[in-house]
Amino acid sequence: MAGGLASHQAGDASPAFLLRLVHDIISGNVGGGNGHLNVVFKKDCTDLVRRIALFTHLLEEISDFGQSDHDDASSSSASSWSADLAVALQAAKRLLSVASAYHSNNSPDGAAKRITFQFQCVTWKLEKALEKIPYDQLQISEEVQEQVSLVKAQLKRATERYGSLNLRKFSNALPQPLEKEYDRTNHESLAMLDGIPENWGPQRHGADQVTKILERVKSSSTSSEVCLSNENDSKGQENVAIKGTEELKKPDAPVIPDDFLCPISLELMRDPVIVATGQTYERSYIQRWIDCGNITCPKTQQKLENLTLTPNYVLRSLINQWCAKHNIEQPCGLANGRLKKSDGSFRDVSGDMAAIQALVCKLSSRCLEERRAAVAEIRSLSKRSTDNRILIADAGAIPVLVNLLTTDDVSLQEHAVTSVLNLSIFENNKSLIMLAGAIPSIVQVLRAGSMEARENAAATLFSLSLADENKIIIGASGAIPALVDLLQHGSARGKKDAATALFNLCIYQGNKGRAVRAGIVTALLKMLTDSRNCMVDEALTILSVLASNHDAKAAIVKASTIPVLIDLLRTGLPRNKENAAAILLSLCKRDSENLACISRLGAAIPLTELTKSGTERAKRKATSLLEHLHKLQQL
């Protein structure tokens, strides 16, 4: 089967074939169809599948273009990019099968490192394939091009996170281990990975670069349990793996001591805490473990007599000292009670830290008034400065604040959600908030909280959605219908917060359909026709993002929005005219019925005026629309 697909992609890398590949990957038909991913590479697999899912709308648009402009679509340049993309997608599909079948307790030591290297190769190949696509020739819409730029940025960052290898030297090795027939036994899966050349080493490529990719193995896995290697593994494979590792390591490259790694995440700990069994974990990971209903120690499997998490200050100090000694960036801005400033100097914050830790302890007090006072103070502190946001997060406040989001006490909930909002402003805190499982609770506040709490919940979702990977998670959480409701029925500030969050979420194609089903088009049309004109800019901006989506396009036309947009071309402010022209162009592209509609409504006159006096973007959109109208008249 694998060989057949490989030959097929060389002969026919059509958009339809590429779409089938993408659908196979995102539908879960990898990894043996077992419905779940192996925990060791779960995050890597999930991230890769999520990024590939973003290819769908691009390929659908290319497929539509190919049907109407077949000659261009089958040109040699198109053949080149599509073949490259097919190879990369096929490689990704095979890699996902291998990674999901990997088990650390019966696999050679070198296997995980090879899989990690393959993730980097595949990610790099996908990024380069996207760069080759002739977007102008294929008439890809601006909105989809923006989406592709988002995906390329994600792939580039992912490649950099896997290491700084010169992948051009390894690209030819990519198909070799991954295009072989795949059998779902673990040893045959690993045999595929052994296709990486043995002479790939420091003599050819630089030990410092290779060491980075090897050490990435420790920080890429998200296993929730510790697995020991099976002593019955093939000794020959073990020896090769061990020898390869020893040869590739740079003599002065620091190896992170095992005691400094969280047993759950296998990452360098930034806030180590001790559980009842005496084991130490990263606070955010063990808190998430407990929040999921687990009452055992992940490492020993012993039942936890209590769920108290005690800061391991001694270990934290040792980690900070080790980082300073090896010139490694601190896990956070704190080091031995000192906070690193932007100019590289340090400020003593030990007193502040002690006060904040005391406040965090009070968040769990049995006394309601004490909890209220503590969370109000944390809200105030988190608003004042970045330093405070770092210290509050470092004190372990985020998981506790997330738990307070579901309280019945209105005051507690308002202060908690606003504190989370303030903390999310600091970039490093975004991942901690997501890791604490905050989104469902924030959505609950958005649906049923007080107006102040709902406003700040919407603002928090916007802040978190600034990280590209969070757009998908938030969109799938049920947040969009709640945001649309706030857009329709909220206060003036609430509507602004909802509009901002919805705009950012709808940059991701998969969220556009959700927004349409939630009734966003009706809400936006009402904003456009509001005599007070207080949110016309916001409504047009969101519509311009939505208009590239098929369902949104149909809903916009059905709601009789076109006459309103043409009226804005005549009477709107410059920015309103620009967005109105952009929306009309999206609605009329490859749609003669909508083109005829705007022609009947007299759009040509304001469009002609816009080509002379509009913004640069407005001129481009208006010119393109007039060209389409001219072609229609010649038919």
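The values are calculated or read from the model by the stated rules, or taken from the named source; none is laboratory data. In this text, all values refer to a predicted model and were calculated from it rather than measured experimentally. Here the Cβ is made from the backbone with ideal geometry for all residues, glycine too, and neighbour counts use every protein chain on show. To get the accessible areas, we keep the full protein, side chains included, count just its heavy atoms, and leave off ligands, DNA and RNA. Shrake-Rupley method; radii C 1.70, N 1.55, O 1.52, S 1.80 Å.
Does ILE474 count as out of contact with any Ser or Thr (no Cβ under 9 Å at 6 or more places or on another chain) and not in a loop (DSSP other than H, G, I, E, B)? Taking the combined requirement at face value, the residue does not satisfy it. For residues in segment 610-635 being farther than 13 Å from LYS577 by Cβ and in contact with a helix residue (DSSP H, G or I) (Cβ under 7 Å, 6 or more places away or on another chain), which is surrounded by the fewest Cβ atoms within 10 Å (Cβ to Cβ)? Step by step, filter segment 610-635, then rank; the result is LEU632.
Look at (1) hydrophobic (A, V, I, L, M, F, W, C); (2) closer than 28 Å to ASP530 by Cβ; (3) surrounded by 17 or more Cβ atoms within 10 Å (Cβ to Cβ) and you find that MET451 fails only one, number (3).
Among the residues of segment 584-609, the ones that are part of a helix (DSSP H, G or I) and either of a type outside the set (Asp, Glu) or touching a helix residue (DSSP H, G or I) at 6+ places or on another chain (Cβ under 8 Å) (or both) come to 18 in all.
Between ASP352, ASP348, ASP343, the distinction of being modelled with pLDDT under 90 and either in contact with a strand residue (DSSP E or B) (Cβ under 7 Å, 6 or more places away or on another chain) or among the aromatic types (Phe, Trp, Tyr) (or both) belongs to ASP348 only.
Here's a check for you: in segment 73-111, which residue that is open to solvent by 10 Å² or more (accessible area, probe 1.4 Å), within 14 Å of VAL40 (Cβ to Cβ) and outside any loop (DSSP other than H, G, I, E, B) is modelled with the lowest pLDDT? Taking the candidates together, the pick is ASP109.
Which is under 20 Å from ARG50 (Cα atoms) and either at pLDDT 95 or above or aliphatic (A, V, I, L, M) (or both), of LEU524, LEU505, LEU486, LEU528?
Details: LEU524 fails: under 20 Å from ARG50 (Cα atoms); LEU486 fails: under 20 Å from ARG50 (Cα atoms); LEU528 fails: under 20 Å from ARG50 (Cα atoms).
Result: LEU505 is the single residue among LEU524, LEU505, LEU486, LEU528 that is under 20 Å from ARG50 (Cα atoms) and either at pLDDT 95 or above or aliphatic (A, V, I, L, M) (or both).
Would you please name the residue that is farthest from the chain's Cα centre (by Cα), looking only at residues in segment 282-303 that are buried (at least 19 other Cβ atoms within 10 Å of the Cβ) and not in a helix (DSSP H, G or I)? Across segment 282-303, the extreme among qualifying residues is CYS297.
Within segment 394-428, if we keep just the residues that are at pLDDT below 90 and assigned to a helix (DSSP H, G or I), the residue that is most open to solvent (accessible area, probe 1.4 Å) turns out to be GLU427. In this structure, ILE442 does not qualify as within 21 Å of the chain's Cα centre (by Cα) and surrounded by fewer than 17 Cβ atoms within 10 Å (Cβ to Cβ).
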